[in-house]
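Q: Can you keep this structure in mind? I'll have questions shortly.
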């Protein structure tokens, strides 16, 4: 018997591999997860209420949207729901047209297997505000945490996540299964 086998080293790579696989599948508390909302997307009024005031919502959402839609070298369009984004929150990035869709336009876009960004906002237990954006009918999301530091709203953390909670929404199945 070799010295490695006597010390139990030979079986450890399998244990290590199993631990790595299990470790990768565990979601840490507070980690960002992408899930399509099962209810209707928040409205601009609900977003404002979640953040706290019109002034704070304007500051946070403008910061978030500037980060979400930076200037581009080539012209492109990004699509959001008009009901979620107030005109005064919209940045004007170079070469990026931000198109605000009505509910009917959003449904037409989905019917053609297009997508648009869905926003979500909520306050965390530590008085931070988490704003996420997720393309409708995908299982990925990008988010930013904001908090008041030195009297001003500041981005204090970013994250990405992915995964479906209960599978994709029914209106997305036709395009996903192509």
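What follows is calculated from the coordinates using simple rules that are stated; it is not laboratory data. Everything numeric in this text was worked out from a predicted model, so none of it was measured.
Q: At q = 0.18 Å⁻¹, what is the base-10 log of I(q)/I(0) for the stretch 133-178 according to the Debye formula with one equal point scatterer per Cα and no solvent? Please give it to two decimals.
A: After summing over all Cα pairs, the log10 values are -0.64.
Q: Further question: Between rounded, prolate and oblate, where does the stretch 51-108 land on the alpha carbon gyration tensor, with a ≥ b ≥ c its root eigenvalues, rounded for a/c under 1.5, else prolate if a/b exceeds b/c?
A: Here the stretch 51-108 falls in the oblate category.
Q: So, one more: So what's the gap between the Cα centers of the stretch 114-130 and the stretch 66-81, to the nearest angstrom?
A: 19
Q: In angstroms, what radius of gyration and Dmax does the stretch 96-178 have, counting Cα atoms only?
A: 15.7, 50
Q: Can I ask one more? If every alpha-carbon in the stretch 33-176 counts as one equal scatterer, what log10 I(q)/I(0) does Debye give at q = 0.10 1/Å?
A: -0.34
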